[in-house]
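Trainee: The structure is given below, and queries will be raised subsequently.
The values are calculated or read from the model by the stated rules, or taken from the named source; none is laboratory data. Worth saying up front: this structure is predicted, and the values here are computed from it rather than measured. In this analysis, Cβ positions are derived from the backbone assuming ideal geometry, glycine residues included, and neighbour counts consider all displayed protein chains.
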Amino acid sequence: MRFLPVFLDLQSGVVLLVGAGDLARAKLRLLAAAGARVRWFATDGQHDLTGLDVAEASRIELAAGDPLTVDLAGVIVILCAGAGDIGPAMSARAKAVGLPVNVMDDLKHSTFIFPAIVDRGDVVVAIGTGGASPVVARRVRERIEAVLPARIGELAGFIGRWRKTIHGLIPEFALRRRFWERVVDGPIGALVLAGRTDEAEAALKDIRDPSDFAGALPSGQAEGRVALVGAGPGDADLLTVKALRALQDADIVFYDELVSPEILDRARRDAVRVPVGRRVGKPGIGQPAINRLLIEAAKSGQRVVRLKGGDPFVFGRGGEEIEALRQAGVAYSVVPGITAGLGAAAQFEVPLTFRHEALRITFLTAHKAKDAEAVDWSTLTDEKMTIVVYMGMTAAPSVRAGLLAAGRSPRTPVGVFARVTRPDAEAAVGTLDELPDLVENIDGGPAVLIIGDVVAHSTPWRQSELAQFASYFQVAAE
């Protein structure tokens with residue numbers, strides 16, 4: 001993020017607008033809508049105020065002279081739109097005195113840029129692309145326009161009118177925030193969005209005990225809870241809507257090492273983020289310590305998210321954590337996530353089941369060689385069974401040895417799929433006999449191994465087959 005979104009109070013000073021034509025008039029309309037006081041230097045001498053009402057036009061000063069020499073006292077920002085060569089010169093002048101400046105379509109000479117805007121009164125959404133593509137920003141704005149309630153600004157204004165009163169009744173910040181969440185998400189918010197503000201006002205006045213309405217304990221403290229949330233294999237777009245909601249509600253997030261930064265960025269900005277995971281071969285704080293942290297945070301009244309890579313209940317120790325929460329009397333919920341095996345299957349087109357070919361799936365974990373040696377491989381020799389091995393890179397030689405010794409064919413298709421659904425995902429495919437060599441071709445994990453005939457349907461396998469055919473024809477031609 002190169003440009004930090006901020007909201008300027010344009011009524012606190014004068015906005016200096018330099019330029020002409022449709023570009024300048026478009027900026028003028030935007031500034032007028034924000035209630036700005038504008039001093040406009042029309043570089044073509046044409047001060048056209050068409051489309052502005054009387055009140056808006058009254059706040060615009062039609063300036064004459066040279067904007068490069070005008071007194072900048074009281075000016076809070078400088079805009080150049082359709083200003084030609086004057087734009088860079090005005091930029092230099094603005095930077096010299098520390099004023100923010102925007103030269104339209106000129107990032108080099110701008111210290112801020114204009115976003116695409118969704119305007120709902122008190123609710124304003126700004127969408128930016130760092131100046132790279134206004135068209136993309138416009139498309140995003142259109143989608144937000146389609147889903148954002150028309151009266152969302154009225155809801156914000158409704159809360160604003162009651163904010164001071166409720167602050168006096170509920171001084172504790174976390175509890176007060178939960179009060180407003182219940183208002184926004186419940187019947188009162190629905191009334192405002194339906195245009196029935198008088199009824200919403202009456203309903204809010206009828207709340208006898210705001211603290212009780214917000215879900216306070218007898219001590220007046222907010223009631224805490226824990227959400228075990230599956231973060232999926234890495235792609236932030238694979239988070240469920242329920243997972244996003246939990247992250248946005250969280251006061252504190254305890255996250256695994258494998259959770260991507262893009263997913264962490266979906267959490268509420270002021271949520272505390274605590275890393276508690278570990279990678280294979282590296283020390284961690286241990287599961288009992290994690291359990292204690294979850295319990296302590298919830299009992300202090302916080303909404304806790306335990307964010308886990310993949311799914312909490314697929315080799316994620318989610319079962320252990322809810323057992324600890326139950327024993328401690330802490331409320332909890334579980335939000336499933338896409339497990340890495342399914343992410344690999346989708347990305348690399350490996351159908352884990354296939355009619356008449358693969359009728360069963362077995363998921364197992366093999367952190368280390370001793371984990372693989374403890375598996376009863378004799379139960380996994382069915383050719384119509386797909387085997388998905390988590391954390392199996394280190395134990396790959398033992399996985400191969402166990403399956404071969406149990407009678408699985410050395411020609412069984414195998415794939416090693418690393419960092420699935422992420423931009424740097426990669427795969428290596430071959431046969432069971434080649435499994436350790438395939439792992440060597442992978443540039444680091446985490447990775448899942450998929451073993452079974454279905455791997456032959458995958459994209460990497462087909463690409464490998466095509467490459468072999470191409471090599472054969474090349475040799476034949478020579």
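Trainee: Note down all Cβ pairs under 6 Å where the first residue falls in region 135-150 and is touching a residue at least 24 places away in the same chain (Cβ under 8 Å), the second is surrounded by 14 or more Cβ atoms within 10 Å (Cβ to Cβ) and not in a helix (DSSP H, G or I), and they're at least six residues apart or on different chains.
Mentor: Correct list of pairs: Val140/Ile127; Arg141/Ala116; Arg141/Val118; Arg141/Ile127; Ile144/Val118; Ile144/Val125; Glu145/Val118.
Trainee: Are any of the residues in region 108-115 part of a strand (DSSP E or B) and either without any contact (Cβ under 8 Å) to a residue 60 or more places away in the chain or exposed (fewer than 14 other Cβ atoms within 10 Å of the Cβ) (or both)? Full working, then the answer.
Mentor: Of the residues in region 108-115, the ones part of a strand (DSSP E or B) are none.
Within region 108-115, not a single residue is part of a strand (DSSP E or B) and either without any contact (Cβ under 8 Å) to a residue 60 or more places away in the chain or exposed (fewer than 14 other Cβ atoms within 10 Å of the Cβ) (or both).
Trainee: Using the structure shown, decide if Ala174 is in contact with a strand residue (DSSP E or B) (Cβ under 9 Å, 6 or more places away or on another chain), outside any helix (DSSP H, G or I), in contact (Cβ under 8 Å) with a residue 40 or more places away in the chain and not assigned by TED's automatic domain parsing to the domain that holds Asp251.
Mentor: Numbers: in contact with a strand residue (DSSP E or B) (Cβ under 9 Å, 6 or more places away or on another chain): yes; outside any helix (DSSP H, G or I): no; in contact (Cβ under 8 Å) with a residue 40 or more places away in the chain: yes; not assigned by TED's automatic domain parsing to the domain that holds Asp251: yes.
When the stated conditions are applied, Ala174 does not pass them.
Trainee: Suppose we filter region 303-347 for residues that are surrounded by fewer than 19 Cβ atoms within 10 Å (Cβ to Cβ) and assigned to a loop (DSSP other than H, G, I, E, B); how many remain?
Mentor: 4
Trainee: Here's a follow-up. Return the only residue of Leu364, Leu403 being surrounded by 23 or more Cβ atoms within 10 Å (Cβ to Cβ) and either basic (Lys, Arg) or at pLDDT 90 or above (or both). Even if it seems obvious, please write down each step before you answer.
Mentor: Working: Leu364 fails: surrounded by 23 or more Cβ atoms within 10 Å (Cβ to Cβ).
Unique residue meeting the criteria: Leu403.
Trainee: Next question. Check Pro397 against each of (1) crowded, with 17+ Cβ neighbours inside 10 Å; (2) in a helix (DSSP H, G or I); (3) under 38 Å from the mean Cα position of the chain (by Cα) and name the one condition it does not meet.
Mentor: Pro397 satisfies every listed condition except (1).
Trainee: When you go through Val135, Val124, Val140 one by one, which is the residue that is assigned to a strand (DSSP E or B) and under 22 Å from the mean Cα position of the chain (by Cα)? Can you show your working first?
Mentor: On the way: Val135 fails: assigned to a strand (DSSP E or B); Val140 fails: assigned to a strand (DSSP E or B).
Exactly one of Val135, Val124, Val140 is assigned to a strand (DSSP E or B) and under 22 Å from the mean Cα position of the chain (by Cα), namely Val124.
Trainee: Please determine whether any residue of region 42-54 is at pLDDT 90 or above, closer than 17 Å to Val14 by Cα and within 43 Å of the chain's Cα centre (by Cα).
Mentor: Yes, because at least one residue in region 42-54 is at pLDDT 90 or above, closer than 17 Å to Val14 by Cα and within 43 Å of the chain's Cα centre (by Cα).
Trainee: Moving to a separate point now. Is it fair to say Phe158 is assigned to a loop (DSSP other than H, G, I, E, B), surrounded by 16 or more Cβ atoms within 10 Å (Cβ to Cβ) and in contact with a helix residue (DSSP H, G or I) (Cβ under 9 Å, 6 or more places away or on another chain)? Working first, answer last.
Mentor: Values: assigned to a loop (DSSP other than H, G, I, E, B): no; surrounded by 16 or more Cβ atoms within 10 Å (Cβ to Cβ): yes; in contact with a helix residue (DSSP H, G or I) (Cβ under 9 Å, 6 or more places away or on another chain): yes.
Criteria not met by Phe158.
Trainee: Sticking with this structure for a sec: Does Lys95 count as touching a residue at least 12 places away in the same chain (Cβ under 8 Å) and surrounded by 18 or more Cβ atoms within 10 Å (Cβ to Cβ)? Walk me through it before giving the result.
Mentor: Working: touching a residue at least 12 places away in the same chain (Cβ under 8 Å): yes; surrounded by 18 or more Cβ atoms within 10 Å (Cβ to Cβ): no.
It is false that Lys95 is touching a residue at least 12 places away in the same chain (Cβ under 8 Å) and surrounded by 18 or more Cβ atoms within 10 Å (Cβ to Cβ).
Trainee: Same structure again: What residue, of Ala73, Ala55, is loosely packed, with under 13 Cβ neighbours inside 10 Å and either under 28 Å from Arg120 (Cα atoms) or among the acidic types (Asp, Glu) (or both)?
Mentor: On the way: Ala73 fails: either under 28 Å from Arg120 (Cα atoms) or among the acidic types (Asp, Glu) (or both).
Only one candidate qualifies: Ala55.
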